[in-house]
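This report concerns only the one structure given below.
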Amino acid sequence: MSITLTLAIISDLHCHPSNVNYKPETFLTTDLLRSNKGKHPVESLMNLIDTEKMIVDLTICPGDFSNKADTQGLISGWNYVLEISQRLKSDQTIATLGNHDVPSRDESVIDIFETVKGVGRDFPIRDKDKLASFWENGYCIIEDENTEILVINSVKFHSNRAELDRGRITNTQLDELKSLLSPNQDKIKIALCHHHPIQHERFDLGSHDLMILGNELVDMLEKNNYDILIHGHKHDPWLRYSPGQGTLPVFSSGSFSATEQILFSDRRNTFHLLEITKEKGSKAKGVIKTYEYYQGKGWQKSKGTQSIPYLTGFGSKDTIETISNQFISLVSGQKLNKWEDITKEIAELQFLSFQQLEQLSSTLKEKNISLYPEFPAMPEIILNNNL
């Protein structure tokens, strides 16, 4: 039996008022006028949703709605997300907290979670019992007939100043989760957190903010057959497999509207749609669609040079050698082929990660077969130079 799930992923808005006493760090301020759709990330996205007729089952948010724990930014950021979720006809919005959502650096604050607990409007989780576990235990498990979503609060320990620059999950939490999780593969299993559990240092992004015991978390998720882990924080969209067993796709969501990463790493703002398919009893496969934000122009399909390609997959069970052989066989008798036609014949193509697509492209080049445009842009035409 096959089950499917479609998600929207909105992360790291870093929303704040325009009159803050520091340099603006987001395209999405709390008082931004909507008259110019191209300069309003949410209004522009609404237009894209309507044009593309986007509908999702679930909206996922890996945290940092606010910037520097600005209360108005937190409230407005969550309201923006709810507005997007409603336009997408999403059944539910599930979020976790980021380090910018709590005033952990303000020594005058006694309870750093007082403000986030007062936001209301089902923030960050609708189910009250699950929300109680999220605050008390630092995690909760939300499930229905076909899905299991583990939500982790990686800033639970940020009231300790030594913890401010990193996320954490503890041995106690891991032991509790080991008793709660099961390796059963009848549901689509998703883990959500803010901080990255495996190292993410490219573009000089540093190693200081790695989630403590993150590798142990990933190992536990692998043993319990989780299908994907989604996190935010780094503002750098990237999908790769876990370093342990290599069976868990780890997806770093890009930032929806923060501007800092544009300056230090030339990474654009992104909005992601994730389509997951699963045969019960086996690992899931999925396709991530990525849109980039251009100030003044709005949202467009990713070109792959300042984020990840428009289409990035995970979960393919075929080797690159197998797929490349199928590919070469299909194009062997014709000078020109359409990428779209080949993907219909080789279903596993859509589930290749960006790194795997690059490997495929290199293999095809060695066989004198060219793709236009070349990766990281998504190809449209295949030219067999042997004919």
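Restricting Leu48, Leu74 to those that are within 19 Å of Gly232 (Cβ to Cβ), part of a helix (DSSP H, G or I) and modelled with pLDDT of 95 or more reduces the list to Leu74.
When Asp91 is tested against (1) surrounded by 15 or more Cβ atoms within 10 Å (Cβ to Cβ); (2) in contact with a strand residue (DSSP E or B) (Cβ under 7 Å, 6 or more places away or on another chain), exactly one condition is not met: (1). In segment 185-219, what residues are within 19 Å of the chain's Cα centre (by Cα) and in a strand (DSSP E or B)? Hits for segment 185-219 are Ile188, Lys189, Ile190, Ala191, Leu192. Of the strands (runs of 3 or more DSSP E) lying entirely inside segment 269-371, the ones with 2 or more residues being surrounded by fewer than 13 Cβ atoms within 10 Å (Cβ to Cβ) are found at 336-338. Ser370 - would you say it is in contact with a Leu (Cβ under 6 Å, 6 or more places away or on another chain), outside the structural domain of Lys234 (by TED's automatic domain parsing), more than 30 Å from Ile262 (Cβ to Cβ) and not aliphatic (A, V, I, L, M)? Yes, satisfied. Hey, any hits in segment 53-71 for a residue that's surrounded by 17 or more Cβ atoms within 10 Å (Cβ to Cβ), modelled with pLDDT of 95 or more, farther than 24 Å from Arg168 by Cα and of a type in the set (Gly, Ala, Ser)? The answer is no; no qualifying residue exists. Screening Ala69 with (1) in a loop (DSSP other than H, G, I, E, B); (2) in contact with a His (Cβ under 6 Å, 6 or more places away or on another chain); (3) within 18 Å of Pro17 (Cα to Cα) gives one miss only, at (2). Scanning for something within 20 Å of Arg202 (Cβ to Cβ) and touching a helix residue (DSSP H, G or I) at 6+ places or on another chain (Cβ under 9 Å), does segment 273-287 turn up at least one residue? No, there is no match, as no residue in segment 273-287 is within 20 Å of Arg202 (Cβ to Cβ) and touching a helix residue (DSSP H, G or I) at 6+ places or on another chain (Cβ under 9 Å). You will find that of Ile142, Ile125, the residue that is under 20 Å from the mean Cα position of the chain (by Cα) and either part of a strand (DSSP E or B) or modelled with pLDDT under 95 (or both) is Ile142 and no other. Out of all the residues in segment 176-197, is one or more among the hydrophobic types (A, V, I, L, M, F, W, C) and on the phi > 0 side of the Ramachandran plot? Within segment 176-197, none of the residues are among the hydrophobic types (A, V, I, L, M, F, W, C) and on the phi > 0 side of the Ramachandran plot. Remark: Ser179 matches the filter, which requires a residue to be among the hydroxyl-bearing types (Ser, Thr, Tyr), outside any loop (DSSP other than H, G, I, E, B), in the same structural domain as Ala69 (by TED's automatic domain parsing) and out of contact with any Lys or Arg (no Cβ under 8 Å at 6 or more places or on another chain).
The values are calculated or read from the model by the stated rules, or taken from the named source; none is laboratory data. Everything quoted here is computed from the prediction, not taken from an experiment. Counting neighbours? That spans all protein chains shown, and the Cβs are built from the backbone with ideal geometry, glycine included.
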